[in-house]
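Worksheet: one structure, shown below.
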Amino acid sequence: MKLTFQYSIAREGDVRSFVFEPSNPTTWQAGQFIHITLKHDDMDDRGDERWFTISSAPSENRLVITTRIYAEKKSSFKTALLALKPGDTAQADAPEGDFVIGDSTRNHLFIAGGIGITPFRSILTEADALDEQLNVTLLYANRTNEIAYKNELDILQQSNPHLHIDYIVQPKKLDAQLLQQQISQMDDPLVYVSGPEPMVESLTAELATMGVTKDNIKGDYFPGYQAD
């Protein structure tokens, strides 16, 4: 399908959101991703395709992707993304992925590293729109205090007494001790991990050593990013 660019939104630090209008009626589940092809000149070896989690909730009726764009080392794809003007187009496949809520009655531990917050932003916003108070502890790790979506997350936390957010900013670290502490305080949680690929892989392995079964872990990794 065709995506028509509408506008972009500057967020905290080097994070920016891009709003698109799909050519076809499009539905998705909060937490799913979309494959986008953006043809552009002077393409580098990373190509013209990317996979992005949809950061907007289905109830918001707009398709939004959110990404980190480093000023001095951005790819040709992200250079082209930044250069989009209203009315410009890209191609996309239908949304897909299973990084979604299956059982809303379970306890959930969400672990986000940097831009890995996007699926959780979609999930929590959708739950709020549906007046569904998920039982969630969110561990959100960042290098600095420029934390994407912090204001929105704080508002969501205020409206849901079962949502607890721990912002982990360096030099504080999301380490095994903190992870074990959270796991021990929760009754059989479903654990969702989203962020840079090295972070997701290492935390998934760590969770396994703590006795969290494979069926209770979901991972959503973002290639091309360093672990926060």
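Annotations for the structure displayed:
- Enumeration of residues in segment 150-180 that are open to solvent by 90 Å² or more (accessible area, probe 1.4 Å) and closer than 12 Å to residue 207 by Cα: 177
- Top-ranked residue in segment 21-45 [being among the β-branched types (Val, Ile, Thr) and part of a loop (DSSP other than H, G, I, E, B); ranked as nearest to the chain's Cα centre (by Cα)]: 27
- For residue 68, the stated conditions do not hold, so it cannot be described as without any contact (Cβ under 8 Å) to a residue 60 or more places away in the chain, within 16 Å of the chain's Cα centre (by Cα) and farther than 25 Å from residue 129 by Cβ.
- The residues on offer are 80, 94, and the sole one that is part of a loop (DSSP other than H, G, I, E, B) and either open to solvent by less than 30 Å² (accessible area, probe 1.4 Å) or of a type outside the set (Val, Ile, Thr) (or both) is 94.
- For segment 187-198, a tally of residues being within 23 Å of the chain's Cα centre (by Cα) and open to solvent by 20 Å² or more (accessible area, probe 1.4 Å) returns 3.
- Considering residues of segment 39-77 that are open to solvent by 40 Å² or more (accessible area, probe 1.4 Å), of a type in the set (D, E, K, R) and in contact with a strand residue (DSSP E or B) (Cβ under 7 Å, 6 or more places away or on another chain) only, the residue farthest from residue 6 (Cα to Cα): 49
- Out of 213, 204, sole residue that is open to solvent by 20 Å² or more (accessible area, probe 1.4 Å), of a type in the set (S, T, N, Q), modelled with pLDDT under 95 and closer than 30 Å to residue 46 by Cβ: 204
The values are calculated or read from the model by the stated rules, or taken from the named source; none is laboratory data. A quick note: this is a predicted structure, and the numbers were derived from the prediction, not measured. Here Cβ is always computed from backbone atoms with ideal geometry, including for glycine, and neighbour counts include all displayed protein chains. These area figures cover heavy atoms from the full protein model, side chains too; ligands, DNA and RNA do not enter into them. Shrake-Rupley method; radii C 1.70, N 1.55, O 1.52, S 1.80 Å.
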